[in-house]
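Visitor: First, the structure itself, so that you have it in front of you.
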Amino acid sequence: MPLYEHVFLARQDASPQQVDELTAQMSGIIQGLGGKVTKTESWGLRSLTYRINKNRKAHFVLLNVDAPSAAIAEVERQERISEDVLRYLSVRVDELEEGPSAMMRKADRDRERDDRGGGFRGGDRDGGGFRGGDRGGDRDRGPRRPRDDAEGGEEE
C-alpha cells in the first residue's frame, strides 16, 4: 500500500480534547477503509505565518499513514466538511520517517537551549550591543563654537 504523511491544522479555539477526537475520527476513517496509522504527532498550538479564516494560531497534527488512496481521499473529504479543520495536506512518500519528525526535534532542541540559559551571549541582557566608549559624544553640551585662539580668548 502507498505511504502518506498527512498534516492538518485545526482551529485555535478548539480544545486539545477536541483535536484529539478529530485525530481519532480521521484515524478511524483510515482504518475502516483498510489502512493503518503508523504514527500520530501533535505539534501543539503554533502561530501561523498569515491569517487563515481570522485565525492567527492553529493546532498542528501529523499522521503517518499506510493506506490506499481511497482512504486518503475520504479523509480529505471529511476535513473539507469539518469546520474545525483550517487546512490539510497529504503527501505521498517512498518511506515513512522513523522516530520523531523534524518539528518535534526542533521543539526538543529549543527546549534544551532554554534550559541552558537562553539565547543571550556574554550575560548582558540589556540588548544594547554597544560595549565601549562614549555613546553620546558632544550631543549633550549643545553646539560647538569655534575658538579663535588656544586660550579661548578673543583678539583685539
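Only the coordinates and a few stated rules stand behind these numbers; no lab work does. Not measured: the values here are computed from a predicted model. Every residue, glycine as well, gets a Cβ built from its backbone with ideal geometry; the counts of neighbours run over all protein chains shown.
Visitor: Go through segment 25-55 and give me each residue that's of a type in the set (Val, Ile, Thr) and not in a helix (DSSP H, G or I).
Guide: Val37, Thr38, Thr40, Thr49, Ile52, listed by residue number.
Visitor: Let me ask you something else. Being loosely packed, with under 14 Cβ neighbours inside 10 Å and on the phi > 0 side of the Ramachandran plot, is that true of even one residue in segment 22-42?
Guide: Yes, there is a match, as at least one residue in segment 22-42 is loosely packed, with under 14 Cβ neighbours inside 10 Å and on the phi > 0 side of the Ramachandran plot.
Visitor: Test Thr38 against the criterion of being out of contact with any Gly (no Cβ under 6 Å at 6 or more places or on another chain), closer than 15 Å to Arg92 by Cα and of a type outside the set (Gly, Ala, Ser), and give yes or no.
Guide: yes
Visitor: Look at Glu21 and say whether it is touching a residue at least 40 places away in the same chain (Cβ under 8 Å) and of a type in the set (Asp, Glu).
Guide: Spelling it out, it is not the case that Glu21 is touching a residue at least 40 places away in the same chain (Cβ under 8 Å) and of a type in the set (Asp, Glu).
Visitor: Same structure, new question: Condition first: assigned to a strand (DSSP E or B), touching a Ser or Thr at 6+ places or on another chain (Cβ under 8 Å) and in contact (Cβ under 8 Å) with a residue 60 or more places away in the chain. Now tell me which residues in segment 56-103 satisfy that. Full working, then the answer.
Guide: Applying the first criterion (assigned to a strand (DSSP E or B)) to segment 56-103 yields 56-66, 85-93.
Subsequent filtering for residues that are touching a Ser or Thr at 6+ places or on another chain (Cβ under 8 Å) retains 56-57, 59-66.
Asn64, Val65, Asp66, listed by residue number.
Visitor: Same structure, new question: When you scan segment 1-24, how many residues do you find that are over 15 Å from Leu45 (Cα atoms), touching a strand residue (DSSP E or B) at 6+ places or on another chain (Cβ under 7 Å) and of a type in the set (D, E, K, R)?
Guide: The number of residues fulfilling the criteria is 1.
Visitor: Same structure, new question: Taking the stated definitions as given, is Ala14 of a type in the set (A, V, I, L, M, F, W, C), in contact with a helix residue (DSSP H, G or I) (Cβ under 6 Å, 6 or more places away or on another chain) and not in a helix (DSSP H, G or I)?
Guide: Considered against the rule, which asks whether it is of a type in the set (A, V, I, L, M, F, W, C), in contact with a helix residue (DSSP H, G or I) (Cβ under 6 Å, 6 or more places away or on another chain) and not in a helix (DSSP H, G or I), Ala14 comes out as no.
Visitor: Can you tell me which of (1) assigned to a strand (DSSP E or B); (2) in contact with a Ser or Thr (Cβ under 9 Å, 6 or more places away or on another chain) is the one Leu22 doesn't meet?
Guide: Leu22 satisfies every listed condition except (1).
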